[in-house]
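*Asks:* Structure in structure tokens, see below.
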Amino acid sequence: MFFEYPKLLWLLLLVPLAILIYVWRELKGRHPYITVSSITPWKTGKDGWFKRIARHIPFVLRCIAVAALVLAVARPRSASELEKVSTEGIDIVLGIDVSTSMLAMDFKPDRINAAKQIAIEFVSQRPADRMGVVVFAGESYTQCPLTTDRQTLINMMKDINCGIIDDGTAIGNGIATAVARLKDSDAKSRVIILLTDGVNNTGEISPQMATEIAKTYGVRIYTIGIGAMGEAPYPTEYGVQMVKVEIDEPLMRQIADDTGGKYFRATDNTKLKEIYAEINKMEKSRTIVDSYPQYKELFMRFALLALAAILLEVVMRLFTRHLPD
């Protein structure tokens, strides 16, 4: 506890000064006495000692009231150190390929479901960031705009499936749509995580042009090529057949290098998890901790004590006034 106006505490010296004056007056105003053989005529009862003490109680209560008022006016306070933690998040858009080749079964249970499941885990680990999802195949669209509502984002990610838009692999369109979601962001760091298993073969915007647009807006792109090496099992109307895996890795590396990102190759579920974990470490949200004191005013307890003392003094004066001398 400390006082906002400690100099006012010097007024407490009035209390011992008042006590000295009171005692001096009591001694000076003592009545003359005579020697008698018996004090029986002057006895007033068994509570004579109480009457002698009771007449001093109002003065004691007044001293308490004055001291409490001085303490209240000096504004006693207590302080506790608190920490305000704020986070400076990152805006991230996940660009997910939903072309029919994502139905290949070299991941468990297949590429698209493995990509969704692991991406959802990644989203859950970053509560401070705004995140959104863009899907692309022959064209692209925004599945979920940037949001901090994790449950809504996760529910919308669960609805991603192959075949919901025209087939193909428009990597440039996917990047451009993701950049459109980030270009007006005021976040310090803006990131696209682009996941695809194919080669750009359609779209109005080339991957190179989309990459230049991303660079213009300061957007960093991490690219993930998803698919086993060589061949992968793929479900067809004739059963599961082995198909050749084609990923334009030179293009993926170029996109990542040109924007300050990094290219990864995921060949199974475990490797894909490791890739997201590595990106999670590289893109750390900034945490800001501000320490500040929180004050609690304590004057009310002293003010109430002074009020109680004053009220008791009034009661005691009325009480002692009717006591016989």
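The values are calculated or read from the model by the stated rules, or taken from the named source; none is laboratory data. Quick caveat, the model's predicted, so the values are computed rather than measured. Cβ sites come from the backbone with ideal geometry, for glycine too, and all protein chains shown count toward neighbours. All accessible areas refer to the heavy atoms of the entire protein, side chains included, with ligands and DNA or RNA removed. Shrake-Rupley method; radii C 1.70, N 1.55, O 1.52, S 1.80 Å.
*Asks:* Could I have the simple spin-label model distance between H56 and K284, label points 7 Å from Cα toward Cβ, reported in nm to one decimal?
*Replies:* 7.0 nm
*Asks:* Could you tell me the calculated FRET efficiency between K271 and V240, based on Cβ-Cβ distance and R0 = 22 angstrom, to the nearest 0.05?
*Replies:* According to the calculation, E is roughly 0.50.
*Asks:* Quote the accessible area belonging to L305 in square angstrom, nearest 10, computed with a 1.4 Å probe and with ligands, DNA and RNA left uncounted.
*Replies:* Result for L305: roughly 80 Å² accessible.
*Asks:* Which label belongs to the value computed from this structure, given these candidates for Rg and Dmax of the Cα atoms in Å: (1) 22.5, 97; (2) 41.3, 135; (3) 19.3, 57?
*Replies:* Answer label, from the structure shown: (2).
*Asks:* Could you give the size of the charge dipole of region 137-254 about its Cα centre, using +1 on the Cβ of each K and R and -1 on the Cβ of each D and E, expressed in debye and rounded to the nearest 20?
*Replies:* The dipole magnitude comes to about 640 debye.
*Asks:* Next question, about the same structure. With each pseudo-label sitting 7 Å past Cα toward Cβ, what's the W10-K296 distance in nm, one decimal?
*Replies:* Spacing of the two 7 Å Cα→Cβ label points: 3.2 nm.
*Asks:* If you don't mind, there's one more thing I want to ask. With a sphere of radius 15 Å drawn around the Cβ of I247, what net charge do the other residues whose Cβ falls strictly inside it have (Lys, Arg +1; Asp, Glu -1)?
*Replies:* Once positives and negatives cancel, what remains is -3.
*Asks:* Also, I was wondering about something else. Quick check for you: with a 1.4 Å probe and neighbouring chains kept, what is the accessible area per residue of the chain, in Å²?
*Replies:* 58 Å²
*Asks:* Can you list the DSSP H helices in the chain whose Cα atoms extend at least 27 Å along the helix axis and whose mean Kyte-Doolittle hydropathy is -1.0 or higher?
*Replies:* Span-like helices, by this rule, are 299-321.
*Asks:* Next up: Taking the dipole about the Cα centre of the chain, with the C-beta of Lys and Arg at +1 and of Asp and Glu at -1, give me whichever of I90, M300, T202 is farthest to the positive side.
*Replies:* M300
*Asks:* For V133, enumerate residues with amide H under 5 Å from its amide H, sequence gap 5+ or separate chain, H modeled in the peptide plane.
*Replies:* Distant-sequence amide H within range of V133: L94, Q143, C144.
*Asks:* If you build a Gaussian network model of the chain, linking Cα atoms that sit under 10 Å apart, which residue out of R75, R220, R130 swings the most?
*Replies:* Maximum among the listed residues: R75.
*Asks:* Size of the dipole of the chain about the Cα centre, Lys and Arg at +1 and Asp and Glu at -1 on the beta carbon, nothing else charged, in debye to 20?
*Replies:* Here the size comes out at about 4080 debye.
*Asks:* Would you rank E313, E212 by solvent-accessible area, highest first, keeping every protein chain in place and using a 1.4 Å probe?
*Replies:* E212, E313
*Asks:* Sticking with this one: What's the carbon and sulfur percent of the chain's accessible surface, probe 1.4 angstrom, rounded to a whole number?
*Replies:* Of all accessible area on the chain, carbon and sulfur atoms account for 58 percent.
*Asks:* Further, regarding this structure: Can you give the net charge of the other residues whose Cβ lies under 10 Å from the Cβ of Y222, counting K and R as +1 and D and E as -1?
*Replies:* 0
*Asks:* Along the charge dipole of the chain, Cβ charges K/R +1 and D/E -1, which of I160, F264, A128 sits furthest on the positive end?
*Replies:* A128
*Asks:* To continue, here is another question. Accessible area of V66, 1.4 Å probe, to the nearest 10 Å²?
*Replies:* 60 Å²
*Asks:* Next question. Nearest 5 is fine: what % of DSSP beta bridges in the chain come out antiparallel, could you say?
*Replies:* 50 percent
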